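**Student:** Below is the structure I would like to discuss, written out as structure tokens.
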Amino acid sequence: MELEVSPSFSVKLVARHRRTGSLAPDKQGRPAGTGKLAPYKDFLIECVRAKPDMTMPELAVQLNARHGVTANPASLSRLLCGCGLSYKKTLLATERARSDVARARRVWISGRQPVMRRMPERLVFIDETSTSTKLTRLRGRTWRGERLPGAVPFGHWHTQTFIAGLRCHGLTAPWIARRT
């Protein structure tokens with residue numbers, strides 16, 4: 001396979017190899033730990049530790065109130081991601097803390113799940129999905145100032161609902177309902 005490169009690229013590549021002993025490209029972007037927000041990194045991390053579900057606009061307000069620094073929420077997010085913080089949250093039902101629910105969870109985990117693992121052929125997952133019968137595209141592209149006419153059937157729009165049980169060996173009891 002032949003590659004064509006410009007003469008200036010070849011000269012720069014040879015100079016880089018002589019200078020560094022490597023053909024790897026130089027690192028791109030701003031060096032880590034620089035920029036307007038770098039001095040406030042510890043403060044920002046402490047704010048997030050104190051309130052983990054704080055939004056970036058709220059964090060920007062905190063930074064401005066404490067240090068008088070105005071920052072774009074997207075910049076704050078990039079800084080926190082660069083520090084190893086991820087953007088995620090797992091929501092858990094508050095009912096989990098109730099004693100009756102905790103007891104039922106223990107029974108589920110210790111009693112029923114082992115049985116399901118031994119006999120997966122007994123499990124049935126019921127799923128429902130639906131689609132509309134209008135089946136017409138609602139949008140398209142045309143030049144500015146011009147209309148894009150489209151035809152649709154009048155008054156024959158229904159919803160088809162499909163319900164089925166899914167077992168480890170295939171679908172069970174598929175059912176289709178038509179709603180008008």
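The values are calculated or read from the model by the stated rules, or taken from the named source; none is laboratory data. Since the model is a prediction, treat every value here as computed from it, not as a measurement. Methodologically, a virtual Cβ is constructed for each residue, glycine included, from the backbone with ideal geometry; neighbour enumeration extends over all protein chains shown. Quick note on the areas: whole protein, heavy atoms, side chains included, nothing else; ligands and nucleic acids left out. Shrake-Rupley method; radii C 1.70, N 1.55, O 1.52, S 1.80 Å.
**Student:** Condition first: open to solvent by less than 60 Å² (accessible area, probe 1.4 Å) and either under 28 Å from the mean Cα position of the chain (by Cα) or closer than 30 Å to residue 80 by Cα (or both). Can you find one or more residues in region 18-32 that meet it?
**Tutor:** Looking for residues that are open to solvent by less than 60 Å² (accessible area, probe 1.4 Å) and either under 28 Å from the mean Cα position of the chain (by Cα) or closer than 30 Å to residue 80 by Cα (or both), one finds at least one in region 18-32, hence yes.
**Student:** Oh, and also: Which members of region 44-56 meet the condition of being touching a residue at least 12 places away in the same chain (Cβ under 8 Å), open to solvent by less than 50 Å² (accessible area, probe 1.4 Å) and either in a loop (DSSP other than H, G, I, E, B) or in contact with a helix residue (DSSP H, G or I) (Cβ under 7 Å, 6 or more places away or on another chain) (or both)?
**Tutor:** Hits for region 44-56 are 44, 47, 48, 56.
**Student:** Suppose we keep only residues that are touching a His at 6+ places or on another chain (Cβ under 9 Å) and of a type in the set (D, E, K, R) within region 119-163. Which one would you say is modelled with the lowest pLDDT?
**Tutor:** 134
**Student:** Please go through region 153-180 and give me each residue that is open to solvent by 80 Å² or more (accessible area, probe 1.4 Å) and more than 29 Å from the chain's Cα centre (by Cα), ordered by number. First the steps, then the outcome.
**Tutor:** To start, the set of residues in region 153-180 that are open to solvent by 80 Å² or more (accessible area, probe 1.4 Å) comprises 154, 156-157, 166, 168-169, 171, 174-176, 178-180.
Within region 153-180, 154, 156, 157, 169, 171, 174, 175, 176, 178, 179, 180 meet the criteria.
**Student:** Looking at region 57-82, I want the residues that are more than 17 Å from residue 35 (Cβ to Cβ) and part of a helix (DSSP H, G or I) and have a partner that is modelled with pLDDT of 90 or more and open to solvent by less than 60 Å² (accessible area, probe 1.4 Å) with Cβ atoms under 6 Å, at least 6 apart or on another chain. Which pairs are those?
**Tutor:** 57/73; 62/47
**Student:** To continue, here is another question. What are the pairs with Cβ atoms under 7 angstrom where one residue, in region 16-37, is under 30 Å from residue 68 (Cα atoms) and touching a residue at least 24 places away in the same chain (Cβ under 8 Å) and the other, located anywhere, is assigned to a loop (DSSP other than H, G, I, E, B) and open to solvent by less than 80 Å² (accessible area, probe 1.4 Å)? Sequence gap at least six, or different chains.
**Tutor:** Short answer, once both residue conditions are applied: 37/71.
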